[in-house]
Structure formats: structure tokens, C-alpha cells
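Presented below is the structure to which this report refers.
The values are calculated or read from the model by the stated rules, or taken from the named source; none is laboratory data. All values derive from a computational prediction rather than experimental measurement. As a convention, Cβ positions derive from the backbone with ideal geometry for all residues, glycine included, and neighbour counts pool all protein chains shown. The area values use the complete protein model at the heavy-atom level, side chains included, leaving out ligands, DNA and RNA. Shrake-Rupley method; radii C 1.70, N 1.55, O 1.52, S 1.80 Å.
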Amino acid sequence: MPDFESPEPSPDPLEPLDRSQVMAAIGITAFVLLLITKAWQAWGQVYPLGIRWTVWELGAGLGLGLAITVASGGLYALWPQYRASTTLYLDLVVKPLAWIDLVWLGLLPGLSEELLFRGMVLSAFGLGWGVLLLSSFCFGLLHLSSWQQWPYGVWASVVGLILALSVVWTGHLLVAVVAHMVTNMLWGGLWKWRYQQDL
């Protein structure tokens with residue numbers, strides 16, 4: 001039976017990646033998600049929700065991204081299993097990156113994941129609770145690199161639901177895209193800073 005009290009990560013079956021492997025994985029994942037979106041659009045005659053640029057909603061996206069980052073930090077401090085799974089994930093994905101790479105860590109997933117999981121899914125199937133929950137669950141699964149990281153996947157699903165609710169609230173993707181980018185860049189930056197302090 002697993003020891004759910006231990007905050008220390010158990011050995012991860014995944015081998016550490018180098019910078020070029022992580023950047024390739026980010027790029028390939030974004031490309032595949034965009035390809036799925038384009039194929040769905042072409043064959044399903046479904047058009048993704050768009051982005052309407054307003055200063056107020058841009059600010060709302062920045063604020064939501066900051067709030068998600070703060071909530072993630074709170075979970076990291078209070079929930080040992082989340083701390084262990086987040087450590088495994090961020091060590092794998094963020095540690096090998098250079099500081100400039102955090103821009104791509106924000107932009108590529110922020111655009112491609114929001115376009116598919118919120119833009120296409122909600123456009124195709126509507127804004128009902130079942131669709132919101134299913135798209136959020138799939139979003140959480142995308143963030144698992146192993147089943148040991150289930151708490152990180154659960155939190156990613158919750159974040160996915162928050163982002164989906166921002167789309168329901170505004171009727172478009174700007175708040176979700178900006179919040180996603182900000183969260184990735186801030187959390188990645190905090191992780192890199194923490195790692196450098198430990199050296």
C-alpha cells in the first residue's frame with residue numbers, strides 16, 4: 001500500500017530530459033493539438049471560440065493567472081502529495097529550460113491547449129456542466145507524465161474547470177489564454193528561481 005503521508009517524491013520511472021528534449025516535447029505537443037483543432041474544424045465544420053481583445057478582460061486574465069499561481073503555491077505548501085507530484089513534474093519539464101524558454105512554455109501550451117480544450121470542445125458540445133467537466137478532466141490527463149502524479153493531474157483538472165468557467169463568463173478565450181500563459185510562466189519562473197537557490 002502506498003505511503004500517502006510522505007511528502008518526498010518516490011522514484012519516477014521517467015528519465016530526466018535535457019533542454020532540447022523538453023522544448024521538442026512542448027513544440028510537438030502544441031503542433032499536434034493545433035493539428036487536431038484544424039482537422040476537427042475542417043471535417044466537423046466546428047469553429048473554435050475566438051478571442052476578443054479588451055483591456056478589462058486582458059487584466060482579468062492576468063489576475064486569474066496570478067490567482068491560480070498563488071493557489072498552486074498554497075497547495076504546494078499544504079498538501080504533501082501535491083508537493084511530491086508537482087516536484088516530479090516541474091523537475092522533468094522546467095528544470096532543464098533556460099529562462100528565455102519560459103516564454104515558449106507560456107505561449108505554446110497557452111494557445112494550443114486553450115484552443116482545443118476550451119475553444120473547440122465548448123464550441124462543439126456547448127457550455128453545459130458535463131462538457132465543462134469532461135474537457136477539464138481531459139486537460140488534467142494531458143498533464144500527467146506518470147500515474148504517481150495524480151494530485152498534479154487533479155489540480156490541472158480543477159484549473160481546466162476554472163479556465164472553462166472564464167470562457168462561459170466571457171464568451172471567448174482571451175481570459176483563459178492569458179491566465180494559462182501567466183500561470184505557466186510565473187510557476188515556471190518561481191520553480192527555476194527556487195532550483196537556482198538550491199544550487
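Numbers below:
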{"quantity": "Correct option for Rg and Dmax of the Cα atoms in Å [calculated from the coordinates] among (1) 26.7, 89; (2) 18.8, 64; (3) 16.8, 52", "calculated": "(3)"}
{"quantity": "Relative contact order of the chain, pairs being alpha-carbon contacts under 8 Å that are 6 or more residues apart, as %", "calculated": "34 percent"}
{"quantity": "Kyte-Doolittle mean at least -0.5, axial Cα span of 24 Å or more - DSSP H helices of the chain", "calculated": "19-44, 55-78, 150-170, 174-198"}
{"quantity": "Histogram of C-alpha separations across region 96-199, 5 Å bin width, %", "calculated": "2, 13, 21, 22, 18, 12, 6, 3, 1, 0"}
{"quantity": "Within the accessible area of the chain (1.4 Å probe), percent carbon and sulfur", "calculated": "72 percent"}
{"quantity": "Selected from 97, 127, 76, residue furthest toward positive end of dipole (region 11-169; charges at beta carbon)", "calculated": "127"}
{"quantity": "Cut-off 16 Å, label 7 Å out along Cα→Cβ of residue 138, residues of region 164-195 by amide N", "calculated": "164-165"}
{"quantity": "Gained length - residue 54 relative to residue 146, 0.36 nm times residue gap less alpha-carbon distance", "calculated": "29.2 nm"}
{"quantity": "Ellipticity estimate at 222 nm from DSSP helix runs (n ≥ 4, -39,500 (n - 2.57)) divided over the chain, nearest 500", "calculated": "-24000 deg cm²/dmol"}
{"quantity": "Fluctuation leader among 94, 168, 159 - the chain, Gaussian network, Cα springs under 10 angstrom", "calculated": "168"}
{"quantity": "Rounded accessible area per residue of the chain, 1.4 Å, Å²", "calculated": "52 Å²"}
{"quantity": "Computed magnitude of the charge dipole of the chain (debye, nearest 20; Cβ of K, R +1, Cβ of D, E -1)", "calculated": "560 debye"}
{"quantity": "Euclidean distance of C-alpha centroids, region 16-61 and region 137-186, integer Å", "calculated": "13 Å"}
{"quantity": "Gaussian network model of the chain, Cα within-10 Å springs - most flexible of 188, 140, 27", "calculated": "27"}
